[in-house]
């Protein structure tokens, strides 16, 4: 499977930092996924596009098809997204906004920058304060943003203490284990609702240290969410790709074993075919499911189908 990242020139490096850390996370954890570069919005129709970062007040709604993980957005930007898409929301504000769109489902994922590995080396860089300044810097080409993002990580990891009002300084510090004090800026404070999900978060204007356990919990949530979103994307791509031939199978007239054999010819994955067989024989609606929901749903199917299992 090849993934291309949807990115644009921007005035800050926050989105590039997320993309850099997301692709490093994928490379380190998924041998079957190949990173196929970066792309602007045009020409994405036939690609597996991974979309993250800040997406509000844009000229066009978000793309119809994509793997959405760690995005900050609002309802208006999601109106064109494909039905049944599972969206990984960076913060609780986005989770709440996506509840207004009944065609898709939002789950909390947090941000990919939390997957930056702990830094085990010496911290002798002193204390530094990173304050966002609202000034126009002009658009920065994306390749240059990636270099700046990598340089920023290298700078943050040796600091003894960081004080900041910038979200994409705070989360990398938590990931690296660099002590950090967060004083959120007034502009778009809803972006900081990412921390509302975690009881391990000690609060603003308090020093967050490695021992808090916040990094481990945030990373666990992100990894689980990514796995669910990837599963959902693969499943629904296959269902859509083979929906017409499955209908031609006249599956309603088939026994479970006959249907399963037909599905095996198409998918070649016995576990997946067992799930699809149960769904197609018992419920003719496409249901948006996470892996955990699939397990519960299959249990329900097996219970309903128990007389058929004897055959």
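The values are calculated or read from the model by the stated rules, or taken from the named source; none is laboratory data. Keep in mind it's a predicted model, so treat the numbers as computed, not measured. Cβ: placed from backbone, ideal geometry, glycine included. Neighbour counts: every protein chain shown.
Just name the residue that is nearest to residue 194 (Cα to Cα) out of those in the stretch 142-162 that are surrounded by 18 or more Cβ atoms within 10 Å (Cβ to Cβ) and touching a strand residue (DSSP E or B) at 6+ places or on another chain (Cβ under 7 Å). Here the answer is 162. Evaluating residue 106 against the criteria (1) out of contact with any strand residue (DSSP E or B) (no Cβ under 7 Å at 6 or more places or on another chain); (2) assigned by TED's automatic domain parsing to the domain that holds residue 78 leaves one unmet condition, (1).
Quickly run through the stretch 87-105 and pick out the residues that are in a strand (DSSP E or B) and surrounded by fewer than 24 Cβ atoms within 10 Å (Cβ to Cβ). Within the stretch 87-105, 105 is the sole residue that qualifies. Quick check, is residue 110 surrounded by 15 or more Cβ atoms within 10 Å (Cβ to Cβ), at positive phi and not in a strand (DSSP E or B)? Yes, satisfied. Check whether at least one residue in the stretch 202-212 is modelled with pLDDT of 95 or more, within 18 Å of the chain's Cα centre (by Cα) and either within 23 Å of residue 94 (Cβ to Cβ) or outside the structural domain of residue 132 (by TED's automatic domain parsing) (or both), and report yes or no. The answer is no, given that none of the residues of the stretch 202-212 is modelled with pLDDT of 95 or more, within 18 Å of the chain's Cα centre (by Cα) and either within 23 Å of residue 94 (Cβ to Cβ) or outside the structural domain of residue 132 (by TED's automatic domain parsing) (or both). Checking each residue in the stretch 20-40 for being assigned to a loop (DSSP other than H, G, I, E, B) and under 20 Å from residue 224 (Cα atoms) picks out 30, 31, 32, 33.
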